[in-house]
Amino acid sequence: FGVNHFTQPVTRTYYGGHYGATNNNHFDLFSAGGLGFIVIYLEYNASSDQNVLNWASGLLQANPARRGIVVSHDTLGTGNPASFSTQGQAIYDAVKGNPNLFLMLGGHTSGEGQKAVTAPHGNVVHALLSDYQDWPNGGNGWLRIMEFSPSDNEIRVKTYSPYLNQYTTTTSSQFTLPYTMT
């Protein structure tokens, strides 16, 4: 969606802004369960523009009390542990110095993948791939559901298809990530 979708006729309260002339790189700010978050969305092949990567890192620096999530089209391959894609590695390298970064999400490569990296500040950054486009029927509507449980300091990940009205419970589709929220 373009900038006008988020700013006209009134600005949506969660919309933080964008980089450049389009909304290809933008961010949202929201709170849930007493926790503040910043979600930064980066265009496909953002790694080719160091200014975009500097902008993303600057947003995390400017919002140190918010928990940082970076979303881009291509960040990770399949498997566990998976390898960063070229773009994913460039993004991670640009933002890894921010202690509020904890999660990177992406697609592009059909399948599922996970990677946990201990960043320079000592915190663990989880990277997840979920892309079901090559699964039967164009993916059968499979989607990721992430439930944050501050009292348990964990993120519960499930994969569900509303089209099939079922969950897939393989270890790559249903798992728990440790994440300190208290």
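The values are calculated or read from the model by the stated rules, or taken from the named source; none is laboratory data. As the structure is a computational prediction, the values presented were derived from the model and not from experiment. Neighbour counts run over all protein chains shown; Cβ positions are idealised from the backbone, glycine included. Only protein heavy atoms, including side chains, enter the accessible area calculation; ligands, DNA and RNA are left aside. Shrake-Rupley method; radii C 1.70, N 1.55, O 1.52, S 1.80 Å.
Miscellaneous remarks
- Across the range 76-87, coupling constants 3J(HN,Hα) worked out from phi with the 6.51/-1.76/1.60 Karplus curve, θ = phi - 60°, read 8, x, 8, x, 8, x, 8, 9, 4, 6, 4, 5 Hz, and Gly and Pro carry x.
- For residue 70, residues with placed amide H under 5 Å, excluding near neighbours: 40, 103, 104, 105
- Net charge contributed by nearby residues that have their C-beta within less than 10 Å of residue 177 (K/R +1, D/E -1): 0
- Using the Cβ of residue 36 as centre and a radius below 13 Å, the other residues enclosed give a net charge of +1, where K and R count +1 and D and E count -1.
- Principal semi-axes in Å for the range 36-75 [√(5λ), Cα gyration tensor, largest first]: 19, 12, 5
- Solvent-accessible ranking of 146, 181, largest area first, probe 1.4 Å: 146, 181
- Per-residue ellipticity at 222 nm computed for the chain from its helices equals -4500 deg cm²/dmol, with DSSP H segments shorter than 4 residues left out and the rest contributing -39,500 (n - 2.57).
- For the chain: accessible area per residue (Å², 1.4 Å): 50 Å²
- Counted by Cβ distance under 12 Å from residue 124, the other residues give a net charge of +2, where Lys and Arg count +1 and Asp and Glu count -1.
- Carbon plus sulfur fraction of accessible area for the chain, probe 1.4 Å, in percent: 50 percent
- Restricting the calculation to Cα atoms, the range 89-163 shows an Rg/Rh of 1.04 when the hydrodynamic-style radius is the Kirkwood one.
- Net charge dipole, the range 109-182: roughly 40 debye, given to the nearest 20, about the Cα centre with Cβ charges of +1 for Lys and Arg and -1 for Asp and Glu.
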